[in-house]
1. Between a residue in the stretch 165-186 that is touching a residue at least 12 places away in the same chain (Cβ under 8 Å) and more than 14 Å from residue 214 (Cβ to Cβ) and any residue that is of a type in the set (Phe, Trp, Tyr) and in a helix (DSSP H, G or I), which pairs come within a Cβ distance under 8 Å, given they are 6 or more apart or on different chains?
2. Exactly one condition in (1) without any contact (Cβ under 8 Å) to a residue 60 or more places away in the chain; (2) within 30 Å of residue 283 (Cβ to Cβ); (3) surrounded by 24 or more Cβ atoms within 10 Å (Cβ to Cβ) is false for residue 122; which is it?
3. List the helices (runs of 4 or more DSSP H) inside the stretch 236-334, counting only whole elements, that have at least 3 residues being hydroxyl-bearing (Ser, Thr, Tyr).
4. May I ask you to list the residues in the stretch 62-84 that are part of a loop (DSSP other than H, G, I, E, B), in contact with a Gly (Cβ under 8 Å, 6 or more places away or on another chain) and over 22 Å from residue 150 (Cα atoms)?
5. Cβ-Cβ distance below 9 Å, separation of 6 or more or different chains: which pairs start in the stretch 291-310 with a residue that is touching a residue at least 40 places away in the same chain (Cβ under 8 Å) and among the β-branched types (Val, Ile, Thr) and end on one that is assigned to a loop (DSSP other than H, G, I, E, B) and buried (at least 18 other Cβ atoms within 10 Å of the Cβ)?
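Values in this text are rule-based calculations from the coordinates and carry no lab data. Computed from a prediction, not measured in an experiment: that's the story for all the values here. Cβ: placed from backbone, ideal geometry, glycine included. Neighbour counts: every protein chain shown.
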Amino acid sequence: MEAGKESDGAAPAAHQVARARDTGRASPPGQDSFAAAAARVVDYLNKSTPMSDWSVSRVAGGEQVHLYVSGQELLTVGDRFRWQEVYCYRMAAGASPVVPDVQISPEYADLSVGMEIHAYAGQPIIDSSGGLFGVLCGVGADPLQTELDVDLALLETFSDLLADHLVLARQADERWRRSELAELAASTDPLTGLLNRRGWEAYLEDAAARATTYGDLSAVVVIDLDGLKRVNDERGHAAGDAFLQQAAEALSGCRQDGDQVARIGGDEFTVLVDGVASADLDAYAQRYRSALGAAGVLASLGHALVVPGDVGGRRAFELADAAMYEDKKRRRLA
């Protein structure tokens, strides 16, 4: 793409933000503000540099996830890559921030990811603790003529402004979340004392919005208990209620800080897991299965990550629910 040229057919990041916010519920003010800022930055860089794609990404859980992308010829919103295998990792570790052709650069040529990529530019985005939040980066299928084709000082300025905006946005969101979610925490199931469906859906929607805006890690675990109908039929509904309370106690005792456990149906429970990396999710879900088993309760489980653009977390729940039914089938055949 020529510098200053409009991107034919490219999806502006601002449009992606508008679609991601279509949840029917007010968003935290910080999320909307940061999303708008990130979208403006990548859209501007897409139009004013020779690079075809610009992205604001999050680095967490050993992965880089692209959150805001302008261009989408080489990158797409939601693309995930192992952090130590990407060009941005090398840049953040001290390699050149603007590279005319990564395929022939001694600092980058050994990487096998993105073989269609030649031009690269990137700058880290630092969080409030001084750690790495993510990366502002651009890529192109054609080599740059020189590293001066990208204004490094401008790129550094944009990444610093995004870092400052991130701090303010997180602070605004925390105030909003304390106010909005405090009432929802009292939305409990009267039998088990866990969150009810209304409270669960609100927390899930909030997690999906944070995943889309900031790339925050979260996942859904769906749990379906075995044998509730048999207990009700053979021992009565009081015994069935005790069975559900036993399961709820096991799940509550297993949860870690940030986890939200809910009963959303007769024998169906869910867990919203906060801060878990995809590589750790299997083991994390197994903890809940083991806790139930130790309490004498057998169950089928399924899980799925909440990913950027997952409006309201619906897709994560659907995938976790489908995985739970597959688990149920396997256990019946075993």
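1. Close Cβ pairs satisfying both conditions: 181/203; 184/203.
2. Going through (1) without any contact (Cβ under 8 Å) to a residue 60 or more places away in the chain; (2) within 30 Å of residue 283 (Cβ to Cβ); (3) surrounded by 24 or more Cβ atoms within 10 Å (Cβ to Cβ) one by one, residue 122 breaks only (2).
3. 281-294
4. 77, 78
5. 306/216; 306/217
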